[in-house]
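Quick note: the coordinates plus some simple rules give every number you see, no bench work behind them. In this text, all values refer to a predicted model and were calculated from it rather than measured experimentally. Please note: Cβ atoms are built from the backbone with ideal geometry, for glycine as well, and neighbour counts cover all protein chains shown.
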Amino acid sequence: MGKLLAGLIAVITVVSAAIFARHIWWMPPDISVHGSGIDHQLGETMISAGVLFVAAQLVLAFFIWRFADRGDARPIRTFPGGVTPMVVIAIVLVGAEVAALSLVGTKVWAGIYQAPPNPNALRIDVQAEQFAFYFRYAGADGKFGGTHPNLIDDGNGNFFGLDPANDTSARDDIVAASLVIPVNQPILLTMHAKDVGHAFYVPELRIQQDFVPGLDVPLQFTATRTGKYEIVCTQLCGLGHYNMRAYLEVKTPADFAQWLKDQAAQQ
Amino acid sequence: MPDTPRPPLTQPRETAAKVSELKHVPPQTFMRKYVFSVDHKVIGKQYLGLALVAVCTGMLLSWLMRLHLGYPEVAIPGLSTVSPNGAPGGVMTPEYYLSLMTMHGTIMVFFVLTTAPFAGFGNFALPLQVGAEDMAFPRINMMSFWVTLAAFLVLVAAFFIPDGPPLSGWTAYAPLSAVGKDAGPGQGMGQTLWAISIALFCVGQLLGALNFITTTLDLRTKGMSLGRLPYATWAWFITSVIGLIAFSVLLPACILLILDRVGGTSFFIPAGLVISDRLQPHSGGSPLLWQHLFWFFGHPEVYIAILPGFGIISQILPAFARKPLLGPRVFIACLAAIGFLSYTVWGHHMFLSGMNPFSATLFSVPTLIITIPATIVTLLWIGTIYGAKLRFTTAALFCLGFASVFVSGGISGFFLAQPSIDVQLHGTYFVVAHFHFVMGVAAMFGIFAGTYYWFPKMFGRLMNETLGKVHFILTFIGVYCIFMPMHWLGLHGDVRRYSAFTDEYMKGDIPLHKFITVAALFTGAVQLIFFVNLIYSRFKGPKATDNPWQSTTLEWATTSPPPFDNFGGHPPTVYRGPNEYGTPSPSGDYAPQFTPEPAGR
Amino acid sequence: MRAQTPVLLLGAVLLTTLAVRKAPAPAAAGTVSGTVTFTGTPPKMKPIDMSKEPTCASQHATPVMTENAVTGPGNSLQWVVIYVSAGEQSETPATEAVRYDQKGCQYAPHVAVMEVNQPLEIYNDDQTSHNIHPLATTNAEWNKSQPPGAPPIHTSYAKPEFIPVKCNVHPWMHGYFAVLSTAHHTVSGADGKFSLAGLPPGKYTITAWHEKFGTQTQDVTITGNETATVNFVFKATPY
């Protein structure tokens, strides 16, 4: 029985580690400026976690196989050094690894989430609602119109509750159902939720952030590759959570300017 | 001169007074013996019975969920009769899937993983292990079970009301859970019932924790110093302290949630929300407040779920290794460290929640530090196996399996503890893999180990070892097949709590989901072997002696099952610690706590 | 010969009775018809971006437009519900079902008119799940999911009400149920024209309801089989 268990543990360990190591299922290619920090952190952690995983499981398997009771008079033996090597391994090895990863990871994290707003960023207002994302650009006047919850009329395209009748700065606001941005341009999203909690996640962009009802949450990133990517909601928001998505379209600056013009004509 | 027993190291306080207080008359009627019993052994079995019903319900829900995820277009036979609104034509609606998921999580975390290892085994074994006749407050103990049962019934009632069960997950984030029916299907009365149920559960567990702590401190028998307590008792004791604080926070949080839902308050709901085209009449609340309150409870809660497992493994493994646990004092110190640190890490569930990003670093550091005592504990088990003479009983196999799956589950936590990596993995199947490995598998293995180990003491009969070994091996393979692939899905970006995978980049992973579904159904079917073994052995299993496993702790000093007052009016005296495996004595290759020889120690 | 006459007479009476039974003497029934138009500037209808639902977006070669003020040539106004709000004489209630479709992530028709207690059947013709949510206040409010392939929802409403309908999954989907207590109702077409037939002589109040521009009433008297012309002109505003 012990041999069977030991063999099973060994097989499971080797197969799993191989699948991780060969990146058979893995993150999509990174299209962001900050993403290399995350990928590096994940890679380092994967290596140290992988070593710990394989070592611990294989040692466990070996001991299970080796120290079965074979009915002989062999005396039991204490682990050499007793408890001290265990404490030392844990504190020194694991502790050192933990400290190193923490130090580097903190910088990566702060670089994304604690960076001051970039004055050159293109500002886009994002609203999450049950069950879609809508995006607002300031339009030609560069000003976002005020939003009024009592004027929201989804069926007629007034997702943000703008008041163009009385608010001139709202009249040229561009409201779109896709997040269209120019490549290599810093973006500053201001995220707010209309109804319940939602989240914004683009795996390629290495970015994720919850929307919090009652708060305006800023999020900054720069995309480095053109293309079309999916934005998905990762915060359970009700029955349509699985179907809550929008498309991120990263365009060349010329294509983006054209898109903006086309959108403005439709508002 | 006859040998006189050595005087005990410390004299437990007021033992004589407590003993006489507890010397109640044995119950005579059926109701008093098996239903409204104050006997901790009966109450422990009642908790375990409740957990058994709960785990069957929770597993059934998980099969339905996995069927839908793997094969969404297939009509599930019979489902449209059970719920015509939830599954018209047998195909699950999205809200039905989410409410099954919510009830699965709630039932499993509360009514299985907190109830069985802590309330179930703890109630049965702790008074025996300290040499007491019963818990310190037997009537409060009885009340704690019935309150917990009431909580379960209130929760399950949500299945039968027109609005159906809630769909906000076991985490019930506000404002989805707080605004009421406008938030959509599943957020009517069902969510209120959920909050009432959890509040009742908190009361039940608080009462239980009081009993555990008082009994451990005050009712130890002669010679049972704190240093000689069995490791399972230490784990239950520390878990009770954690629980006392954690449940004290969840209880008012649930009350505030109920007030928001029915009392017009706005603890968790800000102004200006438009839901179902209606402006919500609330203002001033904070959704983040719910998250802080919930996770301040929620993180210690997962340690409440696993710490008894640590104790049970540390009790059982040495018995079947025939070798002492390596580093018992370090082990207990690690349990205490984990318990203390568990209160400093709750924000690691909230890195991306919108709280100040600087807090992420503050919470990440203690989360990573907890890795250290958890690693030590795992190494102590591995070090115990070194040089041992392993007897591969089913209980032992589940201990060894526990070590393996705890390593797997703990290592994925290592990733999630770092905010920079959490950016990519939060809300994905990587998280689902992590918590299922540590809770759904490791903690479950602790429950299985405890069942196979203490079954003879509870029922006077041994469970069938062949069935047990088959159960173990197939379950071990099954759980790895279910949960290891979820890491890969998470790395790919597949989002959790989705009732279907309609996003382009997720569609290609559906074959892996089908594999997981098949593995889940297979593993579920294997549990039938366990149930058959339980029922058959209860009535027809071979009779057990007092100490079939040659264990050292006090519960094995008495008969299997024990008499009503545990030790027949003769509480044992303790002569040594619980770790004397491999110490030859007249009893064999070990020296139990309750036999006088060999002298010394 | 003499004996045949009563038989012939009887036969003639019988035949006449039968003839009378088959084609009842035509009672007078008039028609109210007209056109609904607007003055002023209506709001611009905006294209609906369905990109979040690719299976629906692919069904529309050009994007569909919002529908809260659908206008046509000659300032005509579509989707105006015109119905008899007073003077109605008793009529047999309609029994055939009104059909409401969810197709291409749009509600068809945009405004579904039905009588109190008339059966309503709601179909999901799309590849995606819809959750239909009629926001009733006088009637019972409910919402129900229909996964693709789910059977149609059979329901009805007990009280007259104009009920906005939304989809909980697709925010742009928007329609109305007009539940009326009259059998005489219609909806203006793309040309703004409408016609209410089968009205016995009497005094009637005709009401026209538009989801954005409000409600108007006019009185009309029917004396015989004539067609009375009633036109409605709504004041449109751009916002």
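Points to keep in mind about this one:
- Environment charge at C:P201 (Cβ cut-off 15 Å; Lys +1, Arg +1, Asp -1, Glu -1): -3
- Size descriptor, Kirkwood hydrodynamic radius, that averages inverse alpha-carbon separations across segment C:92-181, Å: 13.0 Å
- Taking every C-alpha pair closer than 8 Å and separated by at least 6 residues, the mean separation divided by the residue count of segment A:122-266 gives a relative contact order of 26 percent.
- When +1 charges are put on Lys and Arg Cβ atoms and -1 charges on Asp and Glu Cβ atoms, the dipole computed for the protein assembly as shown relative to its Cα centre reaches about 3400 debye.
- To the nearest ten degrees, helix C:4-22 and the longest principal axis of the Cα atoms of chain C are 10 degrees apart.
- You can think of it this way: the chain between C:T237 and C:K44 has 68.5 nm of extra reach, that is 0.36 nm per residue less the Cα-Cα gap.
- Since only A:G145, A:V51, A:L179 are under comparison, the one whose Cα sits farthest along the positive direction of the charge dipole of chain A, derived from C-beta charges on Lys, Arg, Asp and Glu, is A:V51.
- Computed on chain C, with alpha-carbon pairs under 8 angstrom and 6+ residues apart, the relative contact order is 30 percent.
- Count Lys and Arg as plus one, Asp and Glu as minus one, and take only other residues whose Cβ is under 13 Å from that of A:Y247; the net charge is then -3.
- Considering only B:C399, B:P456, C:S90, the residue lying farthest towards the positive end of the dipole of the protein assembly as shown is B:P456, judged by Cα position with unit charges set on Cβ.
- When the alpha carbon gyration tensor of the protein assembly as shown is reduced to an equivalent ellipsoid, the three semi-axes, largest first, read 66, 36, 24 Å.
- Per residue of chain A, the DSSP helices (runs of n ≥ 4 H) give a summed -39500 (n - 2.57) that works out to -11500 deg cm²/dmol at 222 nm.
- For segment C:75-118, the residues whose backbone nitrogen is under 17 Å from a point 7 Å from the Cα of C:T55, taken along Cα to Cβ, are C:101-107.
- Rough spin-label spacing in nm, given labels placed 7 Å along Cα→Cβ, for C:N225 and A:L122: 6.9 nm
- Candidate cross-link partners of C:K103 among the lysines, defined by an alpha-carbon separation under 20 Å and a same-chain spacing of 8 or more, comprise C:K46, C:K52, C:K144, C:K166.
- Helix B:510-540 axis, angle to chain B major axis (alpha carbon atoms, nearest 10°): 30 degrees
- Sequence-separation-based contact order of chain B, relative, with Cα cut under 8 Å and 6+ spacing, percent: 16 percent
- Neighbour-count order for B:V518, A:V212, A:V183, fewest beta carbons within 10 angstrom listed first: B:V518, A:V183, A:V212
- Placing pseudo-labels 7 Å out from each Cα toward the beta carbon at B:A157 and B:S248 gives an inter-label distance of 2.9 nm.
- Label-reachable residues, segment A:235-267, where backbone N falls under 15 Å from a point 7 Å from C:T62's Cα toward its Cβ: A:266
- Using θ = phi - 60° and Karplus 6.51 cos²θ - 1.76 cosθ + 1.60, couplings along segment B:63-68 (whole Hz; Gly, Pro as x): 5, 4, 4, 5, 4, 5
- Taking amide H atoms as placed 1.01 Å from N in the peptide plane, the amide H of A:A199 lies under 5 Å from those of A:F211, A:T234, A:Q235, each 5 or more residues away in sequence or on another chain.
- Theoretical ellipticity at 222 nm over chain B - DSSP helices of four or more residues, -39500 (n - 2.57) apiece, nearest 500: -19500 deg cm²/dmol
- If you take the Cα centroid of segment C:186-212 and the Cα centroid of segment B:32-97, the two points sit 55 Å apart.
- Dipole axis of the protein assembly as shown (+1 Lys, Arg; -1 Asp, Glu on Cβ), positive-most option in A:G157, B:M484, B:Y71: B:M484
- Close amide-amide hydrogen proximity is noted between B:I275 and B:Q280, each under 5 Å apart and 5 or more residues distant or on a separate chain (H modeled in the peptide plane; Pro and chain starts excluded).
- Each label was represented as a point 7 Å from its Cα along the Cα-to-Cβ direction; for B:L528 and C:K203 these points are 7.9 nm apart.
- B:Y386, B:Y429 arranged by Cβ crowding within 10 Å, fewest neighbours leading: B:Y386, B:Y429
- In plain terms, if you count all Cα to Cα distances in chain B and split them into 10 Å steps from zero, the share in each step is 3, 16, 27, 27, 16, 7, 2, 0, 0, 0 percent.
- Selected from C:A94, C:A61, C:A112 as most flexible by GNM, with chain C as the system and alpha-carbon contacts under 10 Å: C:A61
- Karplus-derived 3J(HN,Hα), 6.51/-1.76/1.60, for each residue of segment A:27-42, Hz, glycine and proline x: 5, x, x, 7, 10, 10, 6, 8, x, 5, x, 5, 4, 5, 4, 5
- Distance-filtered residues of segment C:110-143 - backbone nitrogen under 17 Å, label point 7 angstrom along C:H154 Cα→Cβ: C:117-124
- Rounded to whole numbers, the Karplus 3J(HN,Hα) couplings from phi for segment B:494-503 are 5, 8, 7, 6, 8, 7, 7, 10, 9, 6 Hz, using 6.51 cos²θ - 1.76 cosθ + 1.60 with θ = phi - 60°, and x at Gly and Pro.
- Cα centroid separation, segment B:224-246 to segment B:517-556 (Å): 26 Å
- Segment B:168-217-segment A:178-223 distance, computed between alpha-carbon centres (Å): 32 Å
- Close amide-amide hydrogen proximity is noted between C:V113 and C:A178, each under 5 Å apart and 5 or more residues distant or on a separate chain (H modeled in the peptide plane; Pro and chain starts excluded).
- Assuming charge only on the beta carbon of Lys and Arg (+1) and of Asp and Glu (-1), the dipole of segment B:31-118 about its Cα centre is about 500 debye to the nearest 20.
- 0 to 90° range, to nearest 10: angle between helix B:394-416 axis and chain B longest Cα axis: 40 degrees
- For C:E141, neighbours were defined as the other residues whose beta-carbon sits under 13 Å from its Cβ, and their charges (Lys and Arg +1, Asp and Glu -1) total +1.
- Dividing the Cα radius of gyration of segment B:198-271 by 2.2 N^0.38 Å, with N the residue count, gives 1.57.
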